[in-house]
């Protein structure tokens, strides 16, 4: 059972975390301040530090992200690539105003904690799914190829907002990128090694 003090503080913790997710998504890591998060959460800045230690600690707590990868066991083998790409597009586009994955992608370019969190998300979620389809030995390399495409797509379409990338029809993205992801899942690959952190 949680101690009474923890139970009493939980609503405040939850407000701080919700405020942090919103502000990090809008402002990025560098421009977000503890003071702004505290103001949004209607509490004192000291409470933010008390519960989360620092802005870095707050970011680590806020930057949780579930890719919500679908169960692919019943999907025909030749359709898995398109299914994954379609799922990622849906996941990117859901709640775009407070999308934690967009925040992580923006921030991970120049912040080590965000880079590490992004790596953990894809290692623990995408790599496991790929291993179930393709086997464990080549899964890290296959997942890396897939992530390079999906994160590149996310960067150009949702973060940098290149006009040509934004203008792409969803069905065309699913078909074309799905074809490439499908190849990464099932075709032989060479040159894969164990990943280094």
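The values are calculated or read from the model by the stated rules, or taken from the named source; none is laboratory data. All values derive from a computational prediction rather than experimental measurement. Methodologically, a virtual Cβ is constructed for each residue, glycine included, from the backbone with ideal geometry; neighbour enumeration extends over all protein chains shown.
Take the conditions at pLDDT 80 or above and closer than 15 Å to residue 59 by Cα and apply them to residue 106. Does it pass?
The answer is no for residue 106.
Tell me, please, whether a residue that is in a helix (DSSP H, G or I), outside the structural domain of residue 26 (by TED's automatic domain parsing), over 17 Å from residue 77 (Cα atoms) and touching a residue at least 12 places away in the same chain (Cβ under 8 Å) can be found in the stretch 167-182.
Yes: the stretch 167-182 contains one or more residues that are in a helix (DSSP H, G or I), outside the structural domain of residue 26 (by TED's automatic domain parsing), over 17 Å from residue 77 (Cα atoms) and touching a residue at least 12 places away in the same chain (Cβ under 8 Å).
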